[in-house]
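The structure under discussion appears below in the form of structure tokens.
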Amino acid sequence: PLMPPAHNVLVVHPHISITPEERETILRSVEYNVFAFSAALVTCDFLSDSGTTAMTDVQWAAMLRGDESYGRNSGYYCLLDAFRDVFERGDNQEYLFRDVLAGTIDSRFYLNKFLKPQSGGFVNGGPVQLIRPNFFVVPQGRCAEFLLFSTMANILEASRASARATSSDTGRDEGLDWPPVIISNGFFDTTSANASVAGFELHAFLQPGLTDPFPIEKVSIENPFRGNLDVAAASAFLSDPQNAKRTALILLTITNNWAAGQPVSMANIEATAALARQHGIPLFFDACRFAENAAFIQTFERGYSHMAIAQIVVDMFAHADGFTISLKKDGLANMGGALCFRDEGVFASRFAPDIGIRLKERQIVCYGNDSYGGMSGRDLMAAAVGLHQVTQEAYLRNRIGQVRRFAQRLVEKGVPVLLPPGGSAVFLDMDGFFADCGRSYGEFAAVGFTLELLCKYGIRSAEAGPFGWEWDKKTSAKERDLIPNLVRLAVPRNVMTDVHFEYTAAAIGQLYMRRHTIPGARITRGAELRIRHFQSGLEP
Ligand code: F0G
């Protein structure tokens, strides 16, 4: 069917003109690190879909209705309600649009909100929010990860210390159930960094076949949900009682950024939840791209084509005991994040009944008062509206359709692309790209490709392969084999037109034609750094 446009563009950012020679000079000055290259000099910026969203007129309007009070600003209440609406009720007709924007809400509205006790879900409200806090505003997703993992680790360490004190009395070895484990379908880089810094051992069970061929003709009618957790592998791991005892959390990343932005099916969410329940382990989502994931379920999973996105989201989250979210993705906001867990659910009972209080203490120490969490009140308003708008069907059709058409254009140029494309990005298969060039992983040929693309055409992408995933630091063949060789072109939300995609596909097509001439890259500084792609120096 024909797809009508989902929006008009009302604000325009013109590009300045710049030559490849000028870009080369700048690249040299920033040690060929694409993250350090000035955005003002980039023509098509596919570095990230995070925080790069063009906000809607309603979001801009709502920002003026926020306030910057130190305690309990209005945006805080709006965000709480947005979370209840979107993740628990599936109600998209919120007062934000009718009342906040029309200006008919007065302080009595907020007074009523404070007096009304609300509990049972992800967002305790009213007086309960003070006694059993379970919802935490933070500046971005990684702060939610830090808050969660560091607090869990503290609790686990304390209980281990007390168990050890007992074991030295009894002579029994209580050290076997250590270190604690987190299981996932794929950890994003900040997630794995935060979890391993906190002391967790990480096990990613990805569905095999991420890079298997998939016919382009089937891209709009089928999806193998390659972001799924390999439930059989996770179950086998947990069948060892020592492993089950050590496993503190199962974390489903939806969509699965590590696995090329691929979606997770509802069936997989259900199976994962059943596995988690069977072992009494809490199931959390890394929910950054929850709406895109819901759109994939609606389009491709049997039984969901007639269900509204809003309802699919509620059904997905009914299986979670808690979640972290970066509102910079499917919050349609430029900044923001949150952590929440189910009131009086398995998460609190597994770790500590007062874990919410401990999380809140850490939140206040690191990010300020709990009702702003490092955010300005106006930005909370933007995220509250964004959460509602991102679940609109027309928006999602446009979003997923744009990424899909981008992949199709690249395929038409003969460029090896991972198919089907995920929701937020197109990934180039760099093994396929350089297949006849005899490049070894140690040459970082895909990094060389990103430098050439930026220098010659002003198009910024990011390597997600041997360099980013630190192939050279892995000691076992098994770990090395797990690392895909990809380049990511992440598509900012509501920012680009089809002209951007045409230009980029043509540019990459030209580079593909002369792939033998593209130099690899060498790390000149900081190879040893953690998350080094943001920090290290390189040269072609
Ligand atoms: N989880 C996932 C799945 C992510 O993709 C990201 C960020 C985070 C957590 C952390 O959130 O940036 O708000 O702190 N991904 C961005 C990206 C940076 O480009 O993929 P954050």
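The values are calculated or read from the model by the stated rules, or taken from the named source; none is laboratory data. Owing to the predicted nature of the structure, the values given are computational and were not obtained by experimental measurement. When we count neighbours, we look across all protein chains shown, and the Cβ atoms used for this are built from the backbone with ideal geometry, even at glycine.
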Looking only at segment 454-485, count how many residues are at pLDDT 95 or above and either more than 25 Å from the chain's Cα centre (by Cα) or within 15 Å of the ligand (Cβ to nearest atom) (or both). 8
Quick one: what pairs do we get from segment 404-428, first residue touching a residue at least 12 places away in the same chain (Cβ under 8 Å) and more than 16 Å from the ligand (Cβ to nearest atom), second assigned to a loop (DSSP other than H, G, I, E, B) and of a type in the set (S, T, N, Q), C-beta under 7 Å, 6+ apart or different chains? Arg404/Ser220; Pro420/Asn223
Is there any pair linking a residue in segment 126-142 that is under 19 Å from Arg289 (Cα atoms) and part of a strand (DSSP E or B) to one that is within 16 Å of the ligand (Cβ to nearest atom) and β-branched (Val, Ile, Thr), with Cβ under 9 Å and at least six apart or on different chains, and which? Val138/Thr324
Among the residues of segment 28-80, what is the count of those that are crowded, with 16+ Cβ neighbours inside 10 Å and free of Cβ contacts under 8 Å to residues at least 12 places away in the same chain? 0
Exclusive hit being away from the ligand (no atom under 16 Å from the Cβ), at negative phi and either in a helix (DSSP H, G or I) or touching a Phe, Trp or Tyr at 6+ places or on another chain (Cβ under 7 Å) (or both), set Thr190, Thr211, Thr166: Thr166
If we keep just the residues of segment 129-145 that are more than 17 Å from Ala383 (Cα to Cα) and in contact with a Phe, Trp or Tyr (Cβ under 8 Å, 6 or more places away or on another chain), which is nearest to the ligand (Cβ to nearest atom)? Asn134
Candidates Val495, Val499, filtered to the one that is within 16 Å of the ligand (Cβ to nearest atom), closer than 25 Å to Gly51 by Cα and not acidic (Asp, Glu): Val495
Going by the conditions given, is Ser424 surrounded by fewer than 22 Cβ atoms within 10 Å (Cβ to Cβ), of a type outside the set (Asp, Glu) and out of contact with any Phe, Trp or Tyr (no Cβ under 9 Å at 6 or more places or on another chain)? no
For Trp258, which of the numbered conditions (1) within 16 Å of the chain's Cα centre (by Cα); (2) at pLDDT 95 or above; (3) among the aromatic types (Phe, Trp, Tyr) fails to hold? (2)
Please tell me if Gly199 is within 16 Å of the ligand (Cβ to nearest atom) and either closer than 27 Å to Gln140 by Cβ or at pLDDT 95 or above (or both). no
Counting only residues that are more than 21 Å from the chain's Cα centre (by Cα) and among the aromatic types (Phe, Trp, Tyr), which one in segment 327-368 is farthest from the ligand (Cβ to nearest atom)? Phe351
Within segment 387-425, can you find the residues that are in a loop (DSSP other than H, G, I, E, B), of a type in the set (A, V, I, L, M) and more than 22 Å from the chain's Cα centre (by Cα)? Val415
Pairs where the first residue, in segment 103-120, is modelled with pLDDT of 70 or more and the second is among the acidic types (Asp, Glu), C-beta under 7 Å, 6+ apart: Ser119/Asp343; Gly120/Asp343
Would you tally the residues in segment 193-208 being in a strand (DSSP E or B) and out of contact with any helix residue (DSSP H, G or I) (no Cβ under 7 Å at 6 or more places or on another chain)? 3
Would you kindly identify the strands (runs of 3 or more DSSP E) lying entirely within segment 436-540 that contain at least 3 residues that are crowded, with 19+ Cβ neighbours inside 10 Å and in contact (Cβ under 8 Å) with a residue 24 or more places away in the chain? 462-464, 486-490
Filter result for the condition that a residue is in contact with a helix residue (DSSP H, G or I) (Cβ under 7 Å, 6 or more places away or on another chain), small (Gly, Ala, Ser) and surrounded by fewer than 24 Cβ atoms within 10 Å (Cβ to Cβ), over Ser305, Ser349, Ser326: Ser305
Can you tell me how many residues within segment 13-56 are within 16 Å of the ligand (Cβ to nearest atom), more than 21 Å from the chain's Cα centre (by Cα) and part of a helix (DSSP H, G or I)? 2
